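The values are calculated or read from the model by the stated rules, or taken from the named source; none is laboratory data. Note that the structure is predicted; figures quoted are calculated from it, not measured. Cβ coordinates were reconstructed from backbone atoms using ideal geometry, including for glycine residues, and neighbour counts include every protein chain displayed.
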Amino acid sequence: MPENLHDFVASLPKAELHVHLLGAATVDTVLDLARRHPAAGVPAERAELAEFYTFRDFDHFLKVYWAVQSLITGRDDVHTLVTGLARDLAAQNVRYAEVTVTPYNHLLDGLSGDDLLDGLAAGRAAAARDHGVELAWCFDIPGEKGAKAGRETLAFALGERPDGLVAFGLGGPETGVGRALFAPMFTAAREAGLHSVPHAGETTGPATVWSAVHDLGAERIGHGTSAAADPRLLEHLAEHRIPLEVCPTSNVRTRQVGSLEAHPVRRLLDHGVAVTLNTDDPGMFGATLNGEYVAVAEALGLTRGEIAQLARNAVAASFLSDSPRDALLAEIDAVAT
């Protein structure tokens with residue numbers, strides 16, 4: 001076992017369960033795309049882009065996110081996103097990732113369904129071939145666009161059913177966007193064999209998490225940090241082994257929490273909740289998965305065993321099939337002992 005904390009975290013094989021394809025684009029990737037598509041108005045110089053990425057609040061973050069989204073106009077742009085993410089994951093010893101894609105927004109912006117699917121498929125193949133990273137997809141609904149977006153996302157997911165599609169999600173702003181509105185879509189997705197992984201409790205209270213569980217049949221919760229305020233919900237999540245996809249740096253950058261030290265992850269862990277660490281939008285937040293592990297370990301004073309357990313949690317909560325899941329868990333155990 002490596003002595004240095006950073007080396008230990010780097011040596012752990014890892015899975016990531018909550019990372020948005022668009023938000024994963026690094027500064028270099030966004031600069032490349034911005035220079036290809038100058039009419040989009042995204043800064044094409046490094047210093048200006050850094051200022052562009054200084055988020056004032058969650059709403060401002062969403063405006064920046066949508067501006068970057070407008071840069072994705074064809075198959076090659078999608079491929080650039082996927083392979084860039086795979087390269088970054090491989091550099092952190094991430095072996096498997098479930099990546100969130102929002103087809104409705106891309107199609108609304110004029111990207112064709114064929115270009116989106118071709119770019120995803122080609123990028124996924126290159127990720128495995130060139131970087132040794134297995135990627136799976138979660139197609140999510142942009143909740144702020146309502147039931148129509150939900151129905152069309154469901155139709156696209158089930159009609160196209162690309163290789164690697166494992167989950168159905170719900171993202172975007174939570175305030176004023178009830179989870180129950182999307183219950184019929186999630187029921188149909190689950191009946192078709194997709195897993196339910198909605199966002200809930202990132203910017204709203206525990207009631208949103210309860211709704212995700214009861215109305216959407218959530219098998220994992222994206223973020224879910226506000227669950228820390230409800231002891232009964234914490235007990236329910238722990239008892240029913242519903243993992244949380246916790247993204248600490250994201251929560252700080254969008255000002256949902258004041259600091260990593262103030263983050264409720266310790267309370268979640270202390271109540272037996274299956275916490276997984278993730279980056280959410282690493283390119284936009286300047287985050288890395290290794291950095292999340294190190295920051296949380298330092299802020300909470302975690303032991304090496306507790307750090308390794310976080311890595312195990314992510315693999316156990318993934319939708320990998322049994323054989324590769326068991327193999328990855330065995331690799332983590334070999335590093336941690």
- Query: Can you name the residue in region 260-281 that is among the acidic types (D, E) and part of a loop (DSSP other than H, G, I, E, B) and, of all such residues, is surrounded by the most Cβ atoms within 10 Å (Cβ to Cβ)?
  - Reply: D281
- Quick one: which of V294, V257 is under 19 Å from the mean Cα position of the chain (by Cα) and either at pLDDT below 95 or over 30 Å from G84 (Cβ atoms) (or both)? V257
- Item | Unique residue being crowded, with 21+ Cβ neighbours inside 10 Å, of a type in the set (A, V, I, L, M), farther than 28 Å from F168 by Cα and in contact (Cβ under 8 Å) with a residue 24 or more places away in the chain when the list is V99, V78, V19, V9 | V9
- Looking only at region 123-134, decide whether some residue is over 19 Å from the mean Cα position of the chain (by Cα), crowded, with 17+ Cβ neighbours inside 10 Å, hydrophobic (A, V, I, L, M, F, W, C) and more than 23 Å from A167 (Cβ to Cβ). no
- Task: Name every residue in region 96-141 that is in a helix (DSSP H, G or I) and among the aromatic types (F, W, Y), in order of residue number.
- Result: Y104
- Candidate set from region 282-332 (those that are charged (D, E, K, R) and out of contact with any helix residue (DSSP H, G or I) (no Cβ under 8 Å at 6 or more places or on another chain)); member that is surrounded by the most Cβ atoms within 10 Å (Cβ to Cβ): E331
- For region 1-95, which helices (runs of 4 or more DSSP H) that fit wholly inside it have 1 or more residues that are at pLDDT below 90, within 18 Å of the chain's Cα centre (by Cα) and more than 28 Å from A128 (Cβ to Cβ)? 58-69
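Listed here are the residues, each with its yes/no results for (1) without any contact (Cβ under 8 Å) to a residue 24 or more places away in the chain; (2) farther than 23 Å from T83 by Cβ; (3) surrounded by 13 or more Cβ atoms within 10 Å (Cβ to Cβ).
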| position | (1), (2), (3) |
| --- | --- |
| L31 | yes, no, yes |
| A44 | yes, no, yes |
| F58 | no, yes, yes |
| F61 | no, yes, yes |
| V64 | no, no, yes |
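Enumerate the helices (runs of 4 or more DSSP H) found wholly within region 160-245, keeping only those where 2 or more residues are free of Cβ contacts under 8 Å to residues at least 60 places away in the same chain and among the β-branched types (V, I, T).
Of the helices (runs of 4 or more DSSP H) lying wholly inside region 160-245, those with at least 2 residues that are free of Cβ contacts under 8 Å to residues at least 60 places away in the same chain and among the β-branched types (V, I, T) span 206-216.
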- Note on the structure: Counted residues in region 186-207 being over 18 Å from the mean Cα position of the chain (by Cα) and buried (at least 24 other Cβ atoms within 10 Å of the Cβ) come to 2
